[in-house]
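The values are calculated or read from the model by the stated rules, or taken from the named source; none is laboratory data. Keep in mind that what you see is a predicted model, and the values were worked out from it rather than measured. For neighbour counting, all protein chains shown are included, and Cβ atoms are generated from backbone atoms with ideal geometry for every residue, glycine included. These area figures cover heavy atoms from the full protein model, side chains too; ligands, DNA and RNA do not enter into them. Shrake-Rupley method; radii C 1.70, N 1.55, O 1.52, S 1.80 Å.
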Amino acid sequence: MGVHSPEMPATVRTFVARPGEFFERRADRLSGLRGAGLAAALSLLIVLALGVVLRLFSRQFTGTTTVDNPAYPGDTFCEDGGVGGTTPSGCDEPATVTVEISALLWEEITGTLPWLFVGVLVVWFGLAVALHVGAWLGGGSGRFGATMEVAAWGLVPTAFVTAAAGVALVSFAAQADLASATPETLLSEVRTLQSGVSGLTFLLIQIVGAAWQAFVWAGGLRVAHELSRRAAVVVGVVVATVPVVLS
């Protein structure tokens, strides 16, 4: 039997309850390189969580739809003896095929996941710039590299919010009538999930996540920029609130 080390649970508790102390232990090691690595790892985690959530969500749409058959070259190439008297292969295939909406939706989602990964990294860098500018306006003098790592640690709440919102989304989708949804009504069905009780739930999850994020950033900025508690809290709250307002 191995000896259980309390160091990791203690570190997690410190990060959650006393982020200022958490960053003080790392004050000399805060750097842009570490921040970029942490941001990349957390971005990957967030996108993987999104992938699982969206896969489960897409499976709630059990209807079918008719789409063009990719194996069929098209009427221009297949009718009237083809082009130049040559008929390409595939003309004996049907012009359209019936596919499940869930499969069609998941195909679109998988194409966007890599871009979501890039998008999270872009957002992280933008947040780092906003935090650094805010700290500078508040009288801070820390390095931008340190701010980058502080900003990256703020993605931890984002990962938890993604997971929590995902569980709520799948739960609400399972209770909704999505079986008869068509590609034309897909967007309206999704918008329905963003209103009423479900919409309020998503908003509350987002607000809780933003509050936690501001708490983490305030603790980090106090250490990285030697800001006053008030200035650090103001910067953290303002930067964490902007994504909530824009969404």
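Taken over region 210-247, the criterion of being of a type in the set (S, T, N, Q) and in a loop (DSSP other than H, G, I, E, B) is satisfied by Ser228, Ser247. Of the residues that make up region 151-160, is at least one open to solvent by 60 Å² or more (accessible area, probe 1.4 Å), aliphatic (A, V, I, L, M) and at pLDDT 95 or above? The answer is no; no qualifying residue exists.
Being modelled with pLDDT under 95, β-branched (Val, Ile, Thr) and under 19 Å from the mean Cα position of the chain (by Cα): is that true of Val170 here? Yes, satisfied.
Count, please, the residues in region 104-150 that happen to be within 23 Å of Leu50 (Cα to Cα), among the aromatic types (Phe, Trp, Tyr) and open to solvent by 30 Å² or more (accessible area, probe 1.4 Å). So the count comes out to 4. For region 38-70, filtered to residues that are small (Gly, Ala, Ser) and open to solvent by less than 50 Å² (accessible area, probe 1.4 Å), the residue that is nearest to Thr96 (Cα to Cα) is Gly63. Residues that are touching a Gly at 6+ places or on another chain (Cβ under 7 Å) and buried (at least 16 other Cβ atoms within 10 Å of the Cβ) within region 216-233 comprise Val216, Trp217, Ala218, Gly219, Leu221, Arg222, Val223, Ala224, His225, Leu227, Ala231, listed in sequence order. Restricting region 234-247 to residues that are open to solvent by less than 50 Å² (accessible area, probe 1.4 Å) and under 13 Å from Ile207 (Cβ atoms), the residue that is modelled with the lowest pLDDT is Val244.
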